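Engineer: Dropping a structure here in structure tokens format, bear with me for questions.
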Ligand SMILES: Cc1ncc(COP(=O)(O)O)c(C=O)c1O
């Protein structure tokens, strides 16, 4: 644990009185601010309680229906494919590129059929990519929708992710670039505008859950022991906010709700400091990159300087039998919270398979078995203490790699 990547404790506390201005005020302001950032009209921004709800709205807006096929990357979160079957469309998983984080264009092109209506384009870990012009021209019947859940604010060749395909969805869930606890939005494609949907509000108990869970994340990022105690208490009181079990284990679609008031305020506070937050994370990435370069067996990925990494991934040369156990070991040794995203082609491991056939996406499976990640949280200072932690991480990884050799 250690998320709420861009949120400060002060922003969290000082957001509470700001909530007095009310939902309508904050949602309208957020819609305006997002429209300004993406240089689009406000009618192209639709706010939701999650990225998955925004995806469902985009699929519907593109007219996905019975008989259509939707291509989903075979390295994603289960809540992404969950939104397709309720529309009557079929899912097709397509592998990511060998040694890559996102699609290989030739593999994607080979998978597109006359029935393909939408391709969900991944930008995993925040590394933004663009579908090549030849592919878009060859398949004019296909709409390319960006899954920007990991890359809010990332750019590809200077263009802001979400602005150059056929619409995009973003997430403001705890672990994402900007944390509203939960939340998300759809950026509609150019030429499309829809009214804000009338959605049920989050219940009062859920707003308290959000508050309690976020508080534990914020404490964990600064004082790990206090964070653990806070989370244990929150759990005991039944106040942890998380995805419904039926969504994760049974593949149920999400029931969309309105973006909560608390989330709207928190997101606005972080948006106001997006540039400095991204600069801090870029400095962390530079340190991580340099430290891990001491072990050339590890795989790292190049990305433009204006990438908003959600976490910093690196992959081991061999498949790891128990990645979670290794991540725990490395976290203990280094004092940095090492993550396991994604631990399966349909994350998390053990979630609903949606008919995925084991072995059909070898590159996604290999990545899921080898990738670990480092946190990108503004509570982590770029200082001598970080260098010491990185030195301990490299020592622990060296020991592990020697043991495997
Ligand atoms: C790649 C990816 N896409 C989409 C989502 C869905 O975002 P949300 O949790 O806001 O529905 C997630 C999140 O967990 C994700 O990792």
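Engineer: Residue under question is residue 69, and the condition is that it be away from the ligand (no atom under 14 Å from the Cβ) and either touching a helix residue (DSSP H, G or I) at 6+ places or on another chain (Cβ under 9 Å) or under 25 Å from residue 370 (Cα atoms) (or both); does it hold?
Structural biologist: Against the criterion (away from the ligand (no atom under 14 Å from the Cβ) and either touching a helix residue (DSSP H, G or I) at 6+ places or on another chain (Cβ under 9 Å) or under 25 Å from residue 370 (Cα atoms) (or both)), residue 69 does not qualify.
Engineer: Related question: Does any residue of the range 22-37 turn out to be away from the ligand (no atom under 12 Å from the Cβ) and not in a helix (DSSP H, G or I)?
Structural biologist: The answer is yes, given that some residue of the range 22-37 is away from the ligand (no atom under 12 Å from the Cβ) and not in a helix (DSSP H, G or I).
Engineer: Taking into account only those residues within the range 71-95 that are more than 15 Å from residue 143 (Cβ to Cβ) and in a loop (DSSP other than H, G, I, E, B), which is farthest from the chain's Cα centre (by Cα)?
Structural biologist: 88
Engineer: Oh, and also: Somewhere in the range 347-364, is a residue exposed (fewer than 15 other Cβ atoms within 10 Å of the Cβ), more than 16 Å from the ligand (Cβ to nearest atom) and on the phi > 0 side of the Ramachandran plot?
Structural biologist: Scanning the range 347-364, I find at least one residue that is exposed (fewer than 15 other Cβ atoms within 10 Å of the Cβ), more than 16 Å from the ligand (Cβ to nearest atom) and on the phi > 0 side of the Ramachandran plot, so the answer is yes.
Engineer: Would you pick out the residues in the range 173-194 that are within 15 Å of the ligand (Cβ to nearest atom) and over 18 Å from residue 312 (Cα atoms)?
Structural biologist: Scanning the range 173-194 gives 180, 181, 182, 183, 184, 185, 186, 187.
Engineer: To continue, here is another question. Collect the residues in the range 38-51 that are touching a residue at least 12 places away in the same chain (Cβ under 8 Å), more than 16 Å from the ligand (Cβ to nearest atom) and in a helix (DSSP H, G or I), keeping them in residue-number order.
Structural biologist: Within the range 38-51, 38, 43, 44 qualify.
Engineer: Here's something else I'd like to know. Here are 331, 276, 263: which of them is within 15 Å of the ligand (Cβ to nearest atom) and at pLDDT 95 or above?
Structural biologist: The unique qualifying residue is 263.
Engineer: Another question, if that's okay. When the residues of the range 98-114 are narrowed to those that are within 16 Å of the ligand (Cβ to nearest atom) and in contact (Cβ under 8 Å) with a residue 60 or more places away in the chain, which ends up farthest from the chain's Cα centre (by Cα)?
Structural biologist: So the residue we want is 100.
Results for (1) within 16 Å of the ligand (Cβ to nearest atom); (2) surrounded by fewer than 24 Cβ atoms within 10 Å (Cβ to Cβ), shown as yes or no for each residue.
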position: 116; (1), (2): no, yes
position: 125; (1), (2): yes, no
position: 137; (1), (2): no, yes
position: 144; (1), (2): yes, yes
position: 158; (1), (2): no, yes
position: 205; (1), (2): no, yes
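Engineer: When the range 237-267 is examined, which residues are found to be surrounded by fewer than 19 Cβ atoms within 10 Å (Cβ to Cβ) and part of a helix (DSSP H, G or I)?
Structural biologist: Correct list: 245, 246, 249, 250.
Engineer: Another question, then. Inside the range 368-387, can you point out the residues that are touching a residue at least 12 places away in the same chain (Cβ under 8 Å) and part of a helix (DSSP H, G or I)?
Structural biologist: 368, 369, 370, 386, 387
The values are calculated or read from the model by the stated rules, or taken from the named source; none is laboratory data. Owing to the predicted nature of the structure, the values given are computational and were not obtained by experimental measurement. Heads up, the Cβs are rebuilt from the backbone with ideal geometry, glycines too, and the neighbour counts pull from every protein chain shown.
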